[in-house]
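What follows is a set of notes on a single structure, which appears directly below.
The values are calculated or read from the model by the stated rules, or taken from the named source; none is laboratory data. Fair warning: this is a prediction, and the values are worked out from it, not measured in the lab. Positions of Cβ are generated from backbone atoms using ideal geometry, with glycine treated the same way; all protein chains shown enter the neighbour counts. Keep in mind that these areas ignore ligands, DNA and RNA; they rest on the heavy atoms of the full protein, side chains included. Shrake-Rupley method; radii C 1.70, N 1.55, O 1.52, S 1.80 Å.
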Amino acid sequence: MNTQDIAIRFSELNSYQGFSFDCQLIPGDTEVLQIVVSDYEEIPVYISITETQILCISYLWSEDEVVQDKRGAMMELMLEINIPMPLSSFSKIGDKYVIFGALMANSSFEDVVHEVITLAENSVEAISAMTDYLK
Amino acid sequence: MSILNKILTAFRGGAREVGEAIVDANGTRIFEQEIHDSREHLKKAKHDLTDVMAKQMQTTREVNRLKESVSEHEGYATQALNKGDESLALEIAEKIASLDVDLSQQDSALTTYSGHVERLKELVRKTERQIKDYERQLSMVKTTESVQKATAAITDNFAGSNSKLLGAKESLERIQKKQQDFDDRLKAAEQLQDETVDKSLEEKMQAAGIGETKDTAASILERLKKK
């Protein structure tokens, strides 16, 4: 599956488990697909595909939103909740803290949809767990 | 240096700027060339291996054939001796001697081929593992770059569309408000349904003549008739 295939499948998908999706291809050096899950419009999920995996990423907050003297404690907490959080993990890209899930390149479309929904839900969980550390 | 260390060094060394290459394009190309070369080596090693294995099988067959022939001729020689034909026995013995020479040659060839097969199999195993390792490392570099490029594309897209990436807390509040709205609507719908249920119960009771009953035209007429 490439980004176009996934985009087409998402456009054809009216609703899944009560969620609806809005998808948009973002042009650039690497093709990125933006998926907006209904009720979670503020935190889109971005899909990019490499030779080995399908990466689904949501951007949580930037460095400048972090209360600086709580930064260490926040990171420790993020490490601690990494495993309990189903299917998703935390990472950092540049100055942005992200949550992501990686799927095998040959995963089914259903796997991708499931991942996207889980990621959107986990993003909200994660932010609400971390509000004490954010400005 | 392991590839993960290289990536970390690149991050620390300022390449953490989104879009900057982790390993320069030339480095990636060299890597890809190495994978390509290893694959060629693997192909050649496998080809050599099948050749040598074929020779090994042929030689095994030849060794067996010679062994049988030797024992066969030993039988003939014994028969000739039993018949007292010394000169025929000698001739057969000479044949056995020449078969023995062939046999020892083929035997040593077989040992050489078998050793060769072992070495080639080991080479194939090692090359396959090395290719896997190269591919894994290349995938790390490519994924890192892809993620950075994707982030750059997303940031550019937001900058271009004049919309602003919301802060995490603001996003959370909006999503929670939507969920609250949804819950409120659900509750309102439930209440409405409860009221409807009450109403329909009232209607049923009325139909059965229980509780407060309203005068209907029929009941009025009935009452008038009784007068």
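Mind telling me which of the residues B:Q191, B:Q176 ends up being out of contact with any Ser or Thr (no Cβ under 8 Å at 6 or more places or on another chain) and not basic (K, R)?
The match here is B:Q191.
Looking at A:T118 and the list (1) hydroxyl-bearing (S, T, Y); (2) open to solvent by 20 Å² or more (accessible area, probe 1.4 Å); (3) part of a helix (DSSP H, G or I), which single condition is not satisfied?
(2)
Among A:L119, A:L87, A:L134, which is within 14 Å of chain B (Cβ to nearest Cβ) and in contact with a Ser or Thr (Cβ under 8 Å, 6 or more places away or on another chain)?
It is A:L119.
Among the numbered conditions (1) open to solvent by less than 20 Å² (accessible area, probe 1.4 Å); (2) within 24 Å of A:S15 (Cα to Cα), tell me where A:V98 comes up short.
(2)
Looking at this structure, is A:E12 touching a Ser or Thr at 6+ places or on another chain (Cβ under 9 Å) and either facing chain B (nearest Cβ under 9 Å) or of a type outside the set (V, I, T) (or both)?
Criteria not met by A:E12.
Yes or no: B:E68 of a type outside the set (S, T, N, Q) and either under 30 Å from B:H36 (Cα atoms) or surrounded by 14 or more Cβ atoms within 10 Å (Cβ to Cβ) (or both)?
The answer is no for B:E68.
Would you check if there is a residue in the stretch B:114-128 being among the acidic types (D, E) and surrounded by 13 or more Cβ atoms within 10 Å (Cβ to Cβ)?
Yes.
Assigned to a helix (DSSP H, G or I), of a type outside the set (S, T, Y) and on the phi < 0 side of the Ramachandran plot: does that describe A:V36?
No.
If a residue has to be crowded, with 24+ Cβ neighbours inside 10 Å, under 12 Å from A:I99 (Cβ atoms) and facing chain B (nearest Cβ under 9 Å) to count, how many in the stretch A:47-58 make the cut?
Residues flagged as crowded, with 24+ Cβ neighbours inside 10 Å, under 12 Å from A:I99 (Cβ atoms) and facing chain B (nearest Cβ under 9 Å) within the stretch A:47-58 amount to 1.
Within the bounds of the stretch B:18-32, is there any residue that is touching a strand residue (DSSP E or B) at 6+ places or on another chain (Cβ under 8 Å) and modelled with pLDDT under 95?
Yes: one or more hits.
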